[in-house]
Amino acid sequence: MSRANNPQLKSWVEVKPGSDFPIQNLPFGMFMTSQMTSRAGVAIGEYILDLAVVAEAGLLDGIKFDKKDLSRPHLNWFIGSGKKVTTAVRERISDLLNADNAELRDNAGLRAKALVKQSDAQMLMPVRIPNYTDFYSSKEHATNVGIMFRDPANALLPNWKHLPVGYHGRASSIVISGTPIHRPKGQTKADDAAAPSFGPCRLLDFELEMAFITGKSTELGESISTAEAEDYIFGMVLFNDWSARDIQKWEYVPLGPFLAKNFGSTISPWIVTLDALEPFRVETPVQEPEVLPYLKFEGKKNFDIYLEVEIVPENGKSKTVSQSNFKYMYWNMSQQLAHHTVNGCNIEVGDLYASGTISGPTPDSYGSMLEISWQGKKPIQMTDGTERKFILDYDTVVMRGWCEKDGVRIGFGECSGKILPAL
Ligand code: MN
C-alpha cells in the first residue's frame, strides 16, 4: 500500500467534506483554460494542480521522465513511461500537497500559477484511445438480458461462465463528459412489420459501466497472465455505453452490436489510479464451474466502488434511477485482460476496456433502462410527474462513482451527457 493512501493525510488545499478528490485520490486528467493549452493535471478538492507548471519549477526533478510529456495533447506519453514513474509522481504530488510541506504551500507566486479552479478549466480527453473493447461481465445484467430476449430457464448462454464475453467497439466516437450526443438514426424493424424502416432511434438507453485504461503495451503474440495484468492497468474511469436498443435488436445477429453502439460513448475525465483504489479491494464472486487454468487468479481482484445514475430532464428535476456497485462483476479486470491476450492479441498504451453494464441483484441496482423499465413494461416515475421507459431528447444522464472507507472518499467525478434531437 502506498504511503499516499494513508487516511490520516491532510492537504493545505481545502477539500470540502464529500469531495471526490481528497489528497488520497490524486487522479490524472488533461485540461485547458482560456489562458493555457492542454496539459496534465491532478484533481485536489475543487482545484487542479497543473503538472506542467509543477515540473517546470523543478519540483519533479527527482523522478526520471521527460517532463514535456506533461504538456502533450494526451496522457499516453506520461502513463507509457511506466508505473514506476506514475506512482512516484503521485507520491511526490501527495508530499507537495501535504499540510506539513511548505515547498508549494508557502510559495505564493508558484501556487497561484499551479492551482487552477476546476470551474475555470475545460476537461479534455485524458488519453487518445487506440483500441476499445466492451466486455459483458455482469452476471446479473447478462441474466436479465437473457430472460428478456431468450429463455428464462437458460438465461446465460453456455459460454458465459467459461470466458469473459466481449467485442471490439469503436474508439473514435468515445467523448469526454459534458459532450452532447445526438439521438442516432438507423434501421429498425418492428416484430410485426414486413420490412425495416429508417428514422431516429426510439429506444435510446444508457449502460452504466466502468473502464480501465492500459499504461503498458505488448507485442503481437505475447499474452498477459492474470498475475501480471494489474501491472498493465493504469487506472479507471466511469463509462456510459449509450445504446440504441431498437437498432441493436435488428442489426446484432449474427456478429453483435454495430451502429447501435458506435454513435457515441462517454467517459469521465479523471483517471483514478489503481494505486488510489488499493484500499478498496474485495473478493471476486464465487466462480462456478471452475474456470480454465489461464483464467485462475489469486488475491482480491474486485473493487468496492459505489455507482449511481441520475436522469436530469430539461426542467432540472433529477431522479436517481440506479444504485449499483463495481464489486458485483463476475469476471475481474485481470481475467478480462488475460483472456483478451491469451491468443496473442497485442494491447497498446491508452486502450480502454469497459466492463459491460454493471447490474446488481435488485431492480434498483440495474445498470440500463432496458432492465430498469423491463423493456418498457415498467416505466419509472420521474420527480416532475413524467415517466421514462428510455431516454428522451434533452435528458441528461449523469453517472457518479466513489469508494469510501475510514473517512476517505475516492471519487471519479461525473460522467455526464445530454441527448439532443436527431440531426
Ligand atoms: Mn456495453
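Derivation of every value follows stated rules applied to the coordinates shown; laboratory data play no part. Since the model is a prediction, treat every value here as computed from it, not as a measurement. Cβ: placed from backbone, ideal geometry, glycine included. Neighbour counts: every protein chain shown.
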Nearby aspartates and glutamates by direct alpha-carbon distance to residue 10 (threshold 17 angstrom, same-chain neighbours under 8 apart not counted): 20, 46, 91, 95, 100, 103, 106, 404, 406
Checked the range 140-258 with the C-alpha gyration tensor, a ≥ b ≥ c its square-rooted eigenvalues, rounded below a/c of 1.5, otherwise prolate if a/b is larger than b/c and oblate if not; verdict oblate
Once you've got the GNM for the chain with C-alpha springs shorter than 10 Å, pick whichever of 315, 302, 76 has the biggest mean-square fluctuation. 315
Rounded, prolate or oblate: which one fits the chain, using the alpha carbon gyration tensor with axes a ≥ b ≥ c (rounded when a/c is under 1.5, else prolate when a/b beats b/c, else oblate)? prolate
Ordering of 354-362, 282-290 by packing [mean C-beta count within 10 Å, highest first]: 354-362, 282-290
So, with +1 on the Cβ of K and R and -1 on the Cβ of D and E, and no other charges, what is the size of the charge dipole of the chain about its Cα centre, to the nearest 20 debye? 460
Cα gyration tensor, the range 3-124 - rounded (a/c under 1.5), prolate or oblate: rounded
Relative to the longest principal axis of the chain, what angle (0 to 90°, nearest 10) does the C-alpha long axis of helix 83-97 take? 60
Using the structure shown, select from 249/378; 64/113; 67/327; 249/327 the pairs with a Cα to Cα distance greater than 27 angstrom. 67/327; 249/327
Packing-ranked peptide list from 28-39, 410-421, highest mean Cβ count within 10 angstrom first, is 410-421, 28-39
How tilted is helix 139-149 with respect to the longest principal axis of the chain? Cα atoms for both, answer in degrees (0 to 90, nearest 10). 30
Name the residue, out of 158, 17, 363, whose mean-square fluctuation peaks in a Gaussian network model built on the chain with Cα pairs under 10 Å. 158
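Please sort 378-391, 327-340 by packing, taking for each peptide the average over its residues of neighbouring beta carbons within 10 angstrom, highest first. Could you put the intermediate results ahead of the total?
On the way: 378-391: 15.4, 327-340: 24.8.
The densest-packed peptide leads the list: 327-340, 378-391.
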Candidate aspartates and glutamates - alpha carbon under 15 Å from residue 216, same-chain residues fewer than 8 apart omitted: 228, 230, 231, 348, 351
